[in-house]
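Colleague: The structure follows.
The values are calculated or read from the model by the stated rules, or taken from the named source; none is laboratory data. Only a predicted model underlies this, so the values are computations on that prediction, with no experimental measurement involved. Glycine also receives a Cβ, built like all others from the backbone with ideal geometry; neighbour counts cover every protein chain displayed.
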Amino acid sequence: MHPALSVIIFTTASGTGYGLLLLLILLNINGYLPASRGLGIAGFGISLTLITVGLLASTFHLGHPERAWRALSQWRSSWLSREGVVAVATYPVALMFAIGWIFLGNTSGIWGLSGFAAVLLAGLTVACTGMIYASLKTIPQWNTSLTPINYLALALTGGAVWLMALTQLFGLGGNLPALLSVILLPLAWALKQSYWTLIDKVPSQHTIGSATGLGALGEVTLLEPPHTEPNFVQKEMGFKVARRHAAKLRKTAVVLAFILPLAFTVGVLLTGGLLATLLALLAALSLVAGLLTERWLFFAEATHVSMLYYGNKG
Amino acid sequence: MTMLPENPSQKKLGLVIDLDTCVGCHACAVSCKEWNSGGHAAPLPDTNPYGKDPDGVWFNRIHTYEVSQPELGPTAGQTVHMPRSCLHCESPECVTVCPTGASYKRAEDGIVLVDEDKCIGCKLCSWACAYGAREYDPDGGVMKKCTLCVDRIYNENLSESERQPSCVTTCPAGARHFGDLGDAESEVSKLVDERGGFDLMAEIGFKPTNKYLPPRPKTNSGSSYRPLNIDQQATPDSRFLKWVDRLFSR
């Protein structure tokens, strides 16, 4: 699949934004983070900006961005529509909780309730993003429950590492955000690794023989393509990264998204003061680069069954 | 609504394409492009048509496959031309993934269409289609697809014989048939029964309405084939030619 920059930015930025929003609220509701005004402004500012930038980026690749509101209408059948609905619904409750935190210093009662709703909706939005891809039978690499699980794991991990960087900057929250990161980073790594193992192992049930229905007559090969220049379908669906580049990029993603942030986070736990803050920021930056690589690969490694008609053996 | 119709009619309009008769001339694709450049889904864009990298939307694409049987010898097998277009599936996931309601399946005859006024051009439907039948229009910012010539088949301004998809009326080999595949007694349903019509990528479960008729088995394929022995031909039979051969071989 063609790795469109707008979709890569959308899924990584808004994923991390929702993860940060979710953990910020959850830790506060449970009494692990004080409702400090500075942290509130920075935390909600960054998470809601990431979410908004992501959502706006996702509309850049639309042919008619001005009609994007129509995408909220078909939630009964479409995961993309469901994602839109819960993404929009997250805003008012998250903003309400943020108002309680920042202006009133109050995150209990009705404010806390709206925060709880925001946590739920943020999680649902990320799950819906994963399901958009997981529900496509036409892309065997995505058509697995590991897809939404990975989207959730990476959003939470991104959120935890960014929360660690923020709380370090404000000197709040103690070691809890770092401890969360130390737990979530290896977990997300293991889940991503099992996703890669799965897509390497499981052969597609679709072949050029089954696609053309001619498999029973003999071995099918493409003799002549229908056109000399690649068409939309080939440009959109035919992108495929070479296996040897994929292996290298997977290693790069693992180092940047998991190993380095993990090492920096351990450093945060072992040191303190300015050095710990610096390490936490490095962890967050490395993770961003790692997630962008991982997300590029998520698209580039995915193959579409329509390419069987263009000669892929399957 | 991108939910599939709850009470669809029995009518399932579609095509039956005979792979035994198709000669791979691409006339269906050309005639489709011509009709639909002015029809329901018009315009069909062409970007840089005379330049280095021409591109454009076509609803019909004709692939040519080789089906070989290596175990029967190097020449066993056949060439099969396969015109491909939207199959107007019974469970079209290109419709259900649409977030706006632009893609829909008609309850009355099963035709899958795009309402271009509602399409936001997110391209998700093209990802959900297993057959690569949907092509994006970068000029209009909307998705395009085969309409089964919905603007011809019910068009009372056309003579009755012309109320068929453009690709069908054009095919010089008579390889394309249009009709109601929901009616077991229709000509197309009978053809499918008689010839063992099949679905493309049946295992993915989208239940295409369009059917393909398999090429008939070749009668002279496989081991019966004897290539000409060039060396034998070069050795003359008659006494006179042998003398000439000896003369020139010195």
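Colleague: Tell me, yes or no, whether segment B:101-109 has at least one residue that is among the charged types (D, E, K, R), at the interface with chain A (Cβ under 9 Å from one of its Cβ atoms) and under 20 Å from A:S81 (Cα atoms).
Modeller: No - not one qualifying residue is present in segment B:101-109.
Colleague: Name the residue, out of A:A242, A:A160, A:A211, that is more than 9 Å from chain B (Cβ to nearest Cβ), buried (at least 18 other Cβ atoms within 10 Å of the Cβ) and aliphatic (A, V, I, L, M).
Modeller: Of A:A242, A:A160, A:A211, the one residue that is more than 9 Å from chain B (Cβ to nearest Cβ), buried (at least 18 other Cβ atoms within 10 Å of the Cβ) and aliphatic (A, V, I, L, M) is A:A160.
Colleague: Report, by residue number, each residue of segment B:34-57 that is more than 10 Å from chain A (Cβ to nearest Cβ), touching a Leu at 6+ places or on another chain (Cβ under 9 Å) and closer than 10 Å to B:K144 by Cα.
Modeller: B:A41
Colleague: Is segment A:104-113 home to any residue that is part of a helix (DSSP H, G or I), hydrophobic (A, V, I, L, M, F, W, C) and within 13 Å of chain B (Cβ to nearest Cβ)?
Modeller: There is no residue in segment A:104-113 that is part of a helix (DSSP H, G or I), hydrophobic (A, V, I, L, M, F, W, C) and within 13 Å of chain B (Cβ to nearest Cβ).
Colleague: Mind checking which residues of segment B:151-178 are surrounded by fewer than 20 Cβ atoms within 10 Å (Cβ to Cβ) and either assigned to a loop (DSSP other than H, G, I, E, B) or small (G, A, S) (or both)?
Modeller: B:Y154, B:N155, B:E156, B:N157, B:L158, B:S159, B:S161, B:R163, B:P172, B:A173, B:G174, listed by residue number.
Colleague: Please tell me if A:A118 is buried (at least 20 other Cβ atoms within 10 Å of the Cβ) and part of a helix (DSSP H, G or I).
Modeller: Yes.
Colleague: Look at segment B:38-57 and say how many of its residues are farther than 12 Å from B:T147 by Cα and surrounded by 15 or more Cβ atoms within 10 Å (Cβ to Cβ).
Modeller: So the answer is 6.
Colleague: Return the pairs, sorted by first residue and then second, in which the second residue is aromatic (F, W, Y), the first residue lies in segment A:108-122 and is touching a residue at least 24 places away in the same chain (Cβ under 8 Å), the beta carbons are less than 8 Å apart, and the residues are 6+ apart or on different chains.
Modeller: Close Cβ pairs satisfying both conditions: A:G112/A:F97; A:G115/A:F97; A:A118/A:F97; A:A122/A:Y18.
Colleague: Output the number of residues of segment B:1-59 satisfying the condition of being touching a residue at least 40 places away in the same chain (Cβ under 8 Å), assigned to a loop (DSSP other than H, G, I, E, B) and of a type in the set (F, W, Y).
Modeller: 2
Colleague: Within segment A:246-256, is even one residue more than 14 Å from chain B (Cβ to nearest Cβ) and either in a loop (DSSP other than H, G, I, E, B) or crowded, with 21+ Cβ neighbours inside 10 Å (or both)? Can you show your working first?
Modeller: Start the filter on segment A:246-256 by keeping residues that are more than 14 Å from chain B (Cβ to nearest Cβ), which leaves A:246-256.
Then drop every residue that is not either in a loop (DSSP other than H, G, I, E, B) or crowded, with 21+ Cβ neighbours inside 10 Å (or both), which leaves A:253.
Yes, segment A:246-256 contains at least one residue that is more than 14 Å from chain B (Cβ to nearest Cβ) and either in a loop (DSSP other than H, G, I, E, B) or crowded, with 21+ Cβ neighbours inside 10 Å (or both).
Colleague: Among the residues of segment B:168-214, how many are on the phi > 0 side of the Ramachandran plot and among the hydrophobic types (A, V, I, L, M, F, W, C)?
Modeller: Adding up the residues that qualify gives 1.
Colleague: Has segment A:225-237 got at least one residue that is in contact with a His (Cβ under 7 Å, 6 or more places away or on another chain), buried (at least 17 other Cβ atoms within 10 Å of the Cβ) and among the charged types (D, E, K, R)?
Modeller: yes
Colleague: Only residues that are under 18 Å from A:N143 (Cα atoms), β-branched (V, I, T) and either assigned to a helix (DSSP H, G or I) or within 9 Å of chain B (Cβ to nearest Cβ) (or both): list them for segment A:187-208, please.
Modeller: A:T197, A:I199
Colleague: Continuing with the same structure: Return the residues of segment B:41-60 that are touching a Phe, Trp or Tyr at 6+ places or on another chain (Cβ under 8 Å) and closer than 22 Å to B:G24 by Cα; say none if nothing qualifies.
Modeller: B:D55, B:V57
Colleague: Also, quick follow-up: Here is a list: A:R67, A:R37. Which entry is within 13 Å of another protein chain (Cβ to nearest Cβ) and among the charged types (D, E, K, R)? First the steps, then the outcome.
Modeller: On the way: A:R37 fails: within 13 Å of another protein chain (Cβ to nearest Cβ).
Exactly one residue qualifies, and that residue is A:R67.
Colleague: Which residues, counting only those in segment A:132-174, are of a type in the set (F, W, Y) and either free of Cβ contacts under 8 Å to residues at least 24 places away in the same chain or assigned to a helix (DSSP H, G or I) (or both)? It would help to see each step written out before you state the result.
Modeller: As a first pass, look at segment A:132-174 and keep what is of a type in the set (F, W, Y): A:133, A:142, A:151, A:162, A:170.
Those that are of a type in the set (F, W, Y) and either free of Cβ contacts under 8 Å to residues at least 24 places away in the same chain or assigned to a helix (DSSP H, G or I) (or both): A:Y133, A:Y151, A:W162, A:F170.
Colleague: Could you please give the count of residues in segment B:93-119 that are assigned to a loop (DSSP other than H, G, I, E, B) and over 21 Å from A:N231 (Cα atoms)?
Modeller: So the count comes out to 15.
Colleague: I need the full set of residues from segment B:60-92 which are part of a helix (DSSP H, G or I) and at the interface with chain A (Cβ under 7 Å from one of its Cβ atoms), in order please.
Modeller: B:P70
Colleague: Which is under 30 Å from A:V7 (Cα atoms), in a loop (DSSP other than H, G, I, E, B), among the hydrophobic types (A, V, I, L, M, F, W, C) and in contact (Cβ under 8 Å) with a residue 24 or more places away in the chain, of B:C122, B:C146?
Modeller: B:C146
Colleague: What pairs can you find where one residue is in segment A:288-314 and within 11 Å of another protein chain (Cβ to nearest Cβ) and on the phi > 0 side of the Ramachandran plot, the other is surrounded by fewer than 24 Cβ atoms within 10 Å (Cβ to Cβ) and outside any helix (DSSP H, G or I), and their Cβ atoms are less than 6 Å apart, with a gap of 6+ or different chains?
Modeller: A:G311/A:L222; A:G314/A:S204; A:G314/A:H206; A:G314/A:T207
For (1) of a type in the set (G, A, S); (2) at pLDDT 95 or above; (3) exposed (fewer than 10 other Cβ atoms within 10 Å of the Cβ), each residue gets a yes or a no:
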| position | (1), (2), (3) |
| --- | --- |
| B:V188 | no, yes, no |
| B:R195 | no, yes, no |
| B:L200 | no, yes, no |
| B:E203 | no, yes, no |
| B:P214 | no, yes, no |
| B:P217 | no, no, yes |
| B:I230 | no, no, yes |
| B:Q233 | no, no, yes |
| B:W243 | no, no, no |
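Colleague: OK, next. Residues of segment B:118-136 being farther than 16 Å from A:L80 by Cα and within 7 Å of another protein chain (Cβ to nearest Cβ), which ones?
Modeller: Within segment B:118-136, B:A130, B:Y131, B:G132, B:E135, B:Y136 meet the criteria.
Colleague: Can you tell me how many residues within segment B:71-89 are in contact (Cβ under 8 Å) with a residue 60 or more places away in the chain and more than 23 Å from B:C32 (Cα to Cα)? Show your work before the answer.
Modeller: As a first pass, look at segment B:71-89 and keep what is in contact (Cβ under 8 Å) with a residue 60 or more places away in the chain: B:72-73, B:75-78, B:80-89.
If we keep only those that are more than 23 Å from B:C32 (Cα to Cα) as well, we get B:72-73, B:75-78.
The qualifying residues number 6.
Colleague: Of the residues A:E229, A:E219, A:E236, which single one is of a type in the set (D, E, K, R), free of Cβ contacts under 8 Å to residues at least 60 places away in the same chain, touching a helix residue (DSSP H, G or I) at 6+ places or on another chain (Cβ under 7 Å) and within 14 Å of chain B (Cβ to nearest Cβ)?
Modeller: Answer to the selection: A:E219.
Colleague: So, one more: Kindly evaluate A:W75 against the criterion of being under 24 Å from the mean Cα position of the chain (by Cα), over 23 Å from A:T157 (Cβ atoms) and part of a helix (DSSP H, G or I). Write out each step before concluding.
Modeller: Numbers: under 24 Å from the mean Cα position of the chain (by Cα): yes; over 23 Å from A:T157 (Cβ atoms): yes; part of a helix (DSSP H, G or I): no.
The answer is no for A:W75.
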